[in-house]
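Visitor: Questions regarding the structure given below will be posed in turn.
The values are calculated or read from the model by the stated rules, or taken from the named source; none is laboratory data. Model, not experiment: these values are computed from the prediction. Note that each Cβ is placed from the backbone with ideal geometry, even for glycine, and that neighbours are counted across all protein chains shown. Heads up: the accessible areas ignore ligands, DNA and RNA and are worked out on the full protein's heavy atoms, side chains in. Shrake-Rupley method; radii C 1.70, N 1.55, O 1.52, S 1.80 Å.
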Amino acid sequence: MSHLPIRKLTLYKQGIGYFERQGQFEGTAVSLVVPRENINDTLKSLHVINKQGGRVLGVDYETPTDKNTLLDDLPIKLKNRSSMVDLLVSLRGSLIMLQLKNDDSKTGRLIGVESSLDSEGQNSSVLLQREETPSQIDIYPIDQLSGISLKDNRAQADVNFFLDMSQMEQSKTAVSIQLSEGSHDLEIAYLAPSPTWRVGYQLSCTGDNEAVLTGWGIFENILEEDLEDVSLTLKSGRPITFEYNLYESYLPTRPQVSDDPTAFEEISQNPLIAESLTTISHEIRTPISAITGYAEILLRGMYGDMTKEQQESVEMIQKSSQKVSEAVGNLLGISKVKIGRGGRFEGDRFLKHQSGPLGDLKASSAYFMPMLIGNAEPEYLTYDVETAVSVRRKQSAMVPIVQKTVHFKELCVYNGDKMPNHPLRVWHFENSTGKALEQGPVTLVNQGTYLGEGLIRFTGVDDSLQIPYALEFGIVVSEKAEKVTSGTLEITFDKEKQRAIVKRFTIHSTTHIATSHIKKEIELLIERRDPNYGEFFEMPKPSTEEKGHTRWSLIIPGNQEETFTIKIRTIQENDVDISTWKEETVQKHHKKKLISDNRYEKFKAYFDEVSKANKLVEENSTLQNEHLLLLNRQQQLRENLGALGESKREKVIRNQILDDLEISENRRRELETMLEQINEDLKTIQNNQDKKIENIFD
């Protein structure tokens, strides 16, 4: 059976490869041997074109049954030792011809083998029923036999099948493409798992801020055959790929028909219900995939501190969890579906869960990670190796995929969060190679001198790239955190809410002290991550602002020291009830020009009313105390009055007490009148205060 060589190979970053075999041959079948674990990908993607002569008749492949199980089911059973005896035992009842060493032959039906006691079976005998005289049975010692001819077609087929199964490779599967007779010019293409290809780079400076960027694609030949003069393509694209079991067959269970006409089994063959059940089970898995995907984003710190994007992700997690509950509820509801009058489905609201025009395909959690790619046209993500590649099986190879001269600028950047004490030496260049650069390590060389190593992140065409490769020990940077200052920035008045909106600020400042031990002047870029809350405050114009970081240029003369201070101001906004403000607070805000003169006058009018109210409250408190003392005094006088008798002297005292009670009662009535008036005045003042407050917001 013919075997076509691989002529083209395309490898993808997801760990898959697209293999293309080509060739001309004479024959009726082409063999394709693939690892057993790859057979599903091969079957789902197999593409066969007969470019010249004949037709493709079909594709055969081995049934995925365990080898030992197949051999046990065969009537032919041969062991590694005494195979002759085992064969004769297995052929009992078959028509055979025994060839004897004396050149004689005997034909008949095999009755059996009379085994001897020795382990080798050398003295065993064969019992044969003669074909011409069935009543006669002959016995022939096995050691007298020189051969056996099988006259039974069934026996021949069993022996051949046993030998084929014994030769079968358990770890591989042979796919046979059947063709019509004649000459053929055939192309065969198929998909198979393949280790993801990797990339490594080298930047070699040639002088005048120019360097040659060389990229090497690294891949492995995991096939059981050598690759000879293969056209190789490496791709960074993300085609959707998945596993689907086509190789193993199965027998679906059939429902048992129930006598109950409303039972679920009666309508389980309805295509709408069957599709709904399948889709709902898929819907249960989908939210879980979303939860995993978005949780992965949060754990990787892609959004940093809580931002709007993070809040949206959390909301997505909550929605996905809700979908799980709804899908399970709908799945349970389908079990209640039954046929009603007119053949309509009762409870058909559950049948809305159909797969839709895109089918049941769901993306894995890895696809939730956003990719920011500049100029992502397919041609930028494809690396065609210019020369044919030859790699022996089970070996790896490096092939050139990028080689281009780029212009770069050397920077000296300090970022205390990434590397304290010393700045980093950085090469900055634009990706002018015409190809997107896959992520990989890069080695930097300057005219034969090793400088250091860095990492090239995924970079689109014309995107900028910065590679830190070494520490600059000639510059030492220390950081000193300054004292935090705070205060009120602005006060506005919301008439609708009847609240004052107070904006308060806090300023954090950090001073960088850069000491140079280099003779020549050098430009140091101070880099700081943009604050999640707040803003840079009272800072000079930055040198660059990109990817959430800001840089400022600091020129340091040779062997000298320079300082640079970064200030970050955060602003908090609060709603305040101005009725809680003291007069001193308003005076302070007015002095700082946070409250206008006009509004300040309105505040003064309000505080005048407050002062009046306070005086009335104090007067009310004094009168209330006096009123209480009078009541207590009257109670005591009445008790004394009740204790007096009818004597002349006691009558005098009684009159005196009655006079005191009269005076006290008159004062009590006077006090109550005054208290009532104060309460009325307080109500009036309170109304005035409310109007004054409203007037402040005008």
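Visitor: Conditions first: (1) touching a residue at least 40 places away in the same chain (Cβ under 8 Å); (2) in contact with a Lys or Arg (Cβ under 9 Å, 6 or more places away or on another chain); (3) open to solvent by 60 Å² or more (accessible area, probe 1.4 Å); (4) more than 20 Å from Leu489 (Cβ to Cβ). Glu561 passes all but one, so which condition is the exception?
Guide: (2) is the only condition that Glu561 fails.
Visitor: Among the acidic types (Asp, Glu) and in contact with a Pro (Cβ under 9 Å, 6 or more places away or on another chain), is that true of Asp229?
Guide: Details: among the acidic types (Asp, Glu): yes; in contact with a Pro (Cβ under 9 Å, 6 or more places away or on another chain): yes.
Criteria met by Asp229.
Visitor: Quick one: count up the residues across the range 435-445 that are open to solvent by 60 Å² or more (accessible area, probe 1.4 Å) and either in contact with an Asp or Glu (Cβ under 8 Å, 6 or more places away or on another chain) or more than 29 Å from Pro378 (Cα to Cα) (or both).
Guide: If we filter the range 435-445 for residues that are open to solvent by 60 Å² or more (accessible area, probe 1.4 Å), which is where we start, we get 439, 441.
Within this subset, residues satisfying the condition of being either in contact with an Asp or Glu (Cβ under 8 Å, 6 or more places away or on another chain) or more than 29 Å from Pro378 (Cα to Cα) (or both) are 441.
The qualifying residues number 1.
Visitor: Take the residues of the range 532-558 that are of a type in the set (Asp, Glu) and closer than 20 Å to Ile507 by Cα: which is surrounded by the most Cβ atoms within 10 Å (Cβ to Cβ)? Working first, answer last.
Guide: Here is the first cut: in the range 532-558, the ones of a type in the set (Asp, Glu) are 535, 538, 545-546.
Among the residues that remain, those that are also closer than 20 Å to Ile507 by Cα are: 535, 538.
Details: Glu535: 12, Glu538: 9.
Here the residue is Glu535.
Visitor: Next question. Output the number of the condition that Lys520 fails; it satisfies all remaining conditions of (1) open to solvent by 30 Å² or more (accessible area, probe 1.4 Å); (2) part of a strand (DSSP E or B).
Guide: Among (1) open to solvent by 30 Å² or more (accessible area, probe 1.4 Å); (2) part of a strand (DSSP E or B), the lone unmet condition for Lys520 is (2).
Visitor: If you go through the range 392-431, how many residues are in a loop (DSSP other than H, G, I, E, B), in contact with a Ser or Thr (Cβ under 9 Å, 6 or more places away or on another chain) and surrounded by 14 or more Cβ atoms within 10 Å (Cβ to Cβ)?
Guide: Counting residues in the range 392-431 that are in a loop (DSSP other than H, G, I, E, B), in contact with a Ser or Thr (Cβ under 9 Å, 6 or more places away or on another chain) and surrounded by 14 or more Cβ atoms within 10 Å (Cβ to Cβ) gives 2.
Visitor: Then there is this: For the range 63-79, does any single residue satisfy the condition of being modelled with pLDDT of 85 or more, exposed (fewer than 14 other Cβ atoms within 10 Å of the Cβ) and either in contact with a Leu (Cβ under 9 Å, 6 or more places away or on another chain) or farther than 29 Å from Lys151 by Cα (or both)?
Guide: No, there is no match, as no residue in the range 63-79 is modelled with pLDDT of 85 or more, exposed (fewer than 14 other Cβ atoms within 10 Å of the Cβ) and either in contact with a Leu (Cβ under 9 Å, 6 or more places away or on another chain) or farther than 29 Å from Lys151 by Cα (or both).
Visitor: Can you name every residue in the range 194-208 that is in contact with a strand residue (DSSP E or B) (Cβ under 6 Å, 6 or more places away or on another chain) and open to solvent by 30 Å² or more (accessible area, probe 1.4 Å)?
Guide: Restricting attention to the range 194-208, the residues satisfying the condition of being in contact with a strand residue (DSSP E or B) (Cβ under 6 Å, 6 or more places away or on another chain) are 194-195, 197-205.
Result: Pro195, Arg198, Gln202, Ser204.
Visitor: Confirm whether Glu646 is open to solvent by 80 Å² or more (accessible area, probe 1.4 Å) and either within 30 Å of Ile693 (Cβ to Cβ) or in a helix (DSSP H, G or I) (or both). Give the steps one after another, and end with the answer.
Guide: Working: open to solvent by 80 Å² or more (accessible area, probe 1.4 Å): yes; either within 30 Å of Ile693 (Cβ to Cβ) or in a helix (DSSP H, G or I) (or both): no.
Against the criterion (open to solvent by 80 Å² or more (accessible area, probe 1.4 Å) and either within 30 Å of Ile693 (Cβ to Cβ) or in a helix (DSSP H, G or I) (or both)), Glu646 does not qualify.
Visitor: Let me ask another. Picking from Glu665, Glu694, which residue would you name as being surrounded by 12 or more Cβ atoms within 10 Å (Cβ to Cβ) and either within 19 Å of Gly642 (Cβ to Cβ) or modelled with pLDDT under 90 (or both)?
Guide: On the way: Glu694 fails: either within 19 Å of Gly642 (Cβ to Cβ) or modelled with pLDDT under 90 (or both).
Testing whether each residue is surrounded by 12 or more Cβ atoms within 10 Å (Cβ to Cβ) and either within 19 Å of Gly642 (Cβ to Cβ) or modelled with pLDDT under 90 (or both) leaves just Glu665.
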